1. DSSP beta bridges in the chain, what fraction antiparallel, as a percent rounded to 5?
2. What dipole magnitude, in Debye to the nearest 20, does the chain give about its Cα centre under +1 on Lys/Arg Cβ and -1 on Asp/Glu Cβ?
3. Going by alpha carbons, how many degrees (0 to 90, nearest 10) lie between the helix axis of 2-20 and the longest principal axis of the chain?
4. Within straight cross-link reach of Lys71, meaning Cα distance under 26 Å, which lysines are found once same-chain residues fewer than 8 apart are removed?
5. Roughly how many Å² of Glu80 are accessible to a 1.4 Å probe, to the nearest 10?
6. Regarding the stretch 170-254, what is the average projected area of its C-alpha convex hull, in nm²?
7. Please identify, among Val287, Val61, Val238, the residue showing maximal mean-square fluctuation in a Gaussian network model of the chain using a 10 angstrom Cα cutoff.
8. Let me know the charge dipole size of the stretch 48-93 about its Cα centre in debye, to the nearest 20, where only the beta-carbon of Lys, Arg (+1) and Asp, Glu (-1) is charged.
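The values are calculated or read from the model by the stated rules, or taken from the named source; none is laboratory data. These figures come from a predicted structure and were not determined experimentally. Virtual Cβ from ideal backbone geometry, glycine too; neighbours counted across all protein chains shown. Surface accessibility is based on the protein's heavy atoms, side chains included, excluding ligands, DNA and RNA. Shrake-Rupley method; radii C 1.70, N 1.55, O 1.52, S 1.80 Å.
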Amino acid sequence: MRLSKLFVFLMMLLSLSACVKEEEFTDSPRGNFEALWRIIDEHYCFLDYKKAEYGLDWNEVYQRYQKQMHKGMTEKQLFEVLTNMLAELRDGHVNLYTSFNLGRNWSFYEHYPANVSDTLLKRYLGTDYRIASGLRYRILDDNLGYLRCMTFENQFGEGNLDEIFLYLAPCNGLIIDLRDNGGGLVTSAETLAARFTNEEIFVGYRQHKTGPGHNDFSEMKKLWLKPSKGLRWQKKVVVLTNRHVFSSGNEFVRMMKCCKQVTVVGDKTGGGGGLPFSSEIPNGWSVRFSACPTYDKDGNQTEFGIDPDYNIALSQDDLMKGKDTIIEFAREILNKK
């Protein structure tokens, strides 16, 4: 099944890349600008959505930035202008890759409180925590399990997850600390989420871009989460989030919110609800952009983040006392009878 999904993904990617390169542009400041604007215009999946959300007008963006193009531009100047143009999309999945810099827009978390402290996490984890598949875990002193999931960049071994949940099985509840998880592999997010359902559940929708028009999409395809064949968690779970939870971290929250025993606590996630694809402009710079939008089970866009069930911030008073407000709130939920 995984090989089949991978094959479909690769075929889509090849098809998309072929479409992007249909029209050739010259390797000049103006040619690179035209190529990049056209790639986004025809293949980016959120243009109309963001027009409705905050008034983005991609044609107006073209008129404004094309005036900054001139033949004598250095590549550093061209990079700055193109990066600024892409920043109009307000999308953390949109990047411009060069040999000297990475064009990015991280405003989805940079202007928000961190709501996480490494010093406090060290206090809760201690020094004798266990590590498996990059996941850190231990049993807290009130018999609650604590699982720190910092990234989905690595594949989770099913055997490793079995060992983790076997060790945590005596606990009365489980805290999954997802804060600062910037994403990685969607398959890893699915593998972990599959440990929290006993039946196949409906978790949202996805579409694919099918043409150059801003509204050229496939029909909304239902997404399902299948239960793992390994050990599955049957007790209450609290997932901790902040604005830095992005991409497949965002996807994990979307799936977990569909599991009956799960509560999400913390800040709204950073979003990143579009699957990214890549292309290239004439001078060889690569551009990554969102091409497949994802929706929650109610049909809502997840591009700008997912709200928690309880919006809890890290308190300065608690920080001074050596307490993590968000973890302590999760403990209250799990310890309620």
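1. 60 percent
2. Result for the chain is approximately 880 debye, rounded to the nearest 20.
3. It works out to around 20 degrees.
4. Output for Lys71: Lys21.
5. The accessible area of Glu80 comes to roughly 110 Å².
6. Directional mean of the projected Cα hull area for the stretch 170-254 stands at 7.0 nm².
7. Val61
8. I would put it at about 200 debye.
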